[in-house]
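What follows is a single structure, written as structure tokens, with notes after it.
The values are calculated or read from the model by the stated rules, or taken from the named source; none is laboratory data. These numbers were taken from a predicted model, which means no experiment stands behind them. Positions of Cβ are backbone-derived with ideal geometry, glycine not excepted, and every protein chain shown enters the neighbour counts.
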Amino acid sequence: MRTITRLEELSGETKPIVFAAGAFDGIHRGHQTVLARARDVAESMGGQVWVLTFEPHPLKVLAPEKAPALLTSTPHRLQLLRMQKVDGVALLPFTRTFASQEPEGFIEHIHATVPALRAFVVGSNWTFGRAARGEVALLQKLGAQLGFEVHAMPGVKWEGALISSTRIRRAVVNGELDAAEAMLGRPFSIYGTVVHGTKLGRKLGFPTANIDPHNEVRPPPGIYASLALVDDREYIAAAFLTATPDPRKGPLDVVEVHLLDADLDLYDQDVNLRFIRKIRDEEKFEDLDSLKRHIAADVAAIRQLLAP
């Protein structure tokens with residue numbers, strides 16, 4: 001999968017290009033219907049699927065105080081899009097200047113810059129251009145004028161309401177992992193880089209990797225049965241989430257991971273940690289022996305739950 005930051009890099013493409021456009025935070029089931037339709041349209045044309053998205057999230061530029069906590073960082077989003085088998089991602093820098101484009105000018109620029117453009121696939125509520133004035137009806141009008149197809153996909157519902165990144169964020173924060181998984185179409189996951197920690201887990205006989213999460217949404221503190229994806233290989237893991245106060249930074253989320261059947265050197269590696277089920281709440285113990293006994297019980301419960 002290619003990743004570009006300038007549409008000009010597609011100016012020389014000759015195979016038909018189908019753009020799937022949107023923010024795609026979380027790559028949830030609604031997003032997946034857009035991507036699936038884009039793949040179908042591209043296949044019918046003998047073309048390729050490109051995701052048209054932005055960095056950072058538009059609200060982080062236009063209204064930072066209203067910007068949502070993100071389910072997926074950009075590296076995580078790119079990893080998930082790669083798993084959706086798209087050919088490329090046009091990750092366009094979002095600035096106030098970029099946002100000031102009139103919607104007609106925005107689409108006309110894309111059409112002029114990418115001659116191989118043959119179709120747009122979007123969610124039915126997608127908006128674009130200055131003040132979000134561009135809607136699907138305008139995109140369809142411009143498509144008819146400029147010669148590209150427009151496919152608008154209706155939202156996907158779960159339990160009677162549309163699936164959205166907002167609903168999923170709320171479910172994760174409230175610890176409703178089953179609901180989050182139902183809307184995502186996969187377990188909620190945290191993507192981050194392994195950093196050095198206190199190495200207390202190793203002293204207790206349960207070495208842990210300390211993950212610095214890239215995304216901005218966390219489940220509540222506690223111990224979780226998890227699956228850790230490292231270099232495309234999955235490991236059964238125990239995840240420990242704590243809210244550790246830091247006088248310099250305020251509340252700081254700490255994510256520690258113990259791989260049940262592997263002892264790998266993970267420093268500086270990226271890990272995708274999938275949360276399957278909460279085992280218990282975070283607790284404080286009188287001494288290290290009590291902590292060690294509880295961790296051993298947690299690991300046994302996770303092994304029974306997830307081991308094949």
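Do we find a residue being out of contact with any Ser or Thr (no Cβ under 9 Å at 6 or more places or on another chain) and farther than 26 Å from I27 by Cβ anywhere in the range 91-99? There is at least one residue in the range 91-99 that is out of contact with any Ser or Thr (no Cβ under 9 Å at 6 or more places or on another chain) and farther than 26 Å from I27 by Cβ.
Restricting the range 278-295 to residues that are outside any strand (DSSP E or B) and in contact (Cβ under 8 Å) with a residue 60 or more places away in the chain, the residue that is surrounded by the most Cβ atoms within 10 Å (Cβ to Cβ) is I295. Looking across A112, A67, A131, A90, one residue alone is under 21 Å from the mean Cα position of the chain (by Cα), assigned by TED's automatic domain parsing to the domain that holds A20 and free of Cβ contacts under 8 Å to residues at least 12 places away in the same chain. It is A67.
Just one of the numbered conditions (1) closer than 30 Å to W158 by Cα; (2) at pLDDT 95 or above; (3) basic (K, R); (4) exposed (fewer than 15 other Cβ atoms within 10 Å of the Cβ) is not true of K85: (2).
Quick one: in the range 77-87, which of the residues that are in contact (Cβ under 8 Å) with a residue 40 or more places away in the chain and more than 16 Å from V121 (Cα to Cα) is farthest from the chain's Cα centre (by Cα)? Step through it out loud before you land on a result.
Residues of the range 77-87 that are in contact (Cβ under 8 Å) with a residue 40 or more places away in the chain, as a first pass: 77-82, 84-87.
Going one step further and asking which of them are more than 16 Å from V121 (Cα to Cα), we end up with 77-80, 82.
Details: R77: 4, L78: 8, Q79: 8, L80: 7, R82: 11 Å.
Result: R82.
Here the strands (runs of 3 or more DSSP E) wholly within the range 71-163 that include at least 2 residues being in contact with a Lys or Arg (Cβ under 8 Å, 6 or more places away or on another chain) are 88-93, 149-153.
Only residues that are farther than 19 Å from V173 by Cβ and in contact with an Asp or Glu (Cβ under 8 Å, 6 or more places away or on another chain) were counted across the range 43-76, and they come to 5.
If you go through the range 31-48 and pick out every residue that is more than 19 Å from Q79 (Cβ to Cβ) and under 16 Å from the mean Cα position of the chain (by Cα), you end up with 1.
The number of residues in the range 20-68 that are among the aliphatic types (A, V, I, L, M), exposed (fewer than 15 other Cβ atoms within 10 Å of the Cβ) and in a loop (DSSP other than H, G, I, E, B) comes to 1.
Out of F275, F206, report the one residue that is closer than 24 Å to H294 by Cβ and either at pLDDT 90 or above or surrounded by fewer than 14 Cβ atoms within 10 Å (Cβ to Cβ) (or both). The match here is F275.
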